[in-house]
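The values are calculated or read from the model by the stated rules, or taken from the named source; none is laboratory data. Remember, predicted model here, so these are calculated numbers, not experimental data. In this analysis, Cβ positions are derived from the backbone assuming ideal geometry, glycine residues included, and neighbour counts consider all displayed protein chains.
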Amino acid sequence: MRREQGFSLLELLIVVATVLVLMAIAIPLFQDALLRANTSSLSTDA
């Protein structure tokens, strides 16, 4: 019996969906942290 190599379409879709969910959570958190860092930097420079 020949063993199939590679990933199935379903497996790839699950991985892509998981990465998208993690990015949807991480990007707003990163932007908020960046905004707070910039605000803190501006207040200490003034």
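Checking each residue in the range 3-14 for being surrounded by 10 or more Cβ atoms within 10 Å (Cβ to Cβ) and modelled with pLDDT under 95 picks out only 7.
Every residue, every condition in (1) within 19 Å of the chain's Cα centre (by Cα); (2) among the hydrophobic types (A, V, I, L, M, F, W, C); (3) at pLDDT 95 or above; (4) not in a helix (DSSP H, G or I), yes or no:
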position	(1), (2), (3), (4)
1	no, yes, no, yes
16	yes, yes, yes, no
37	no, yes, no, no
43	no, no, no, no
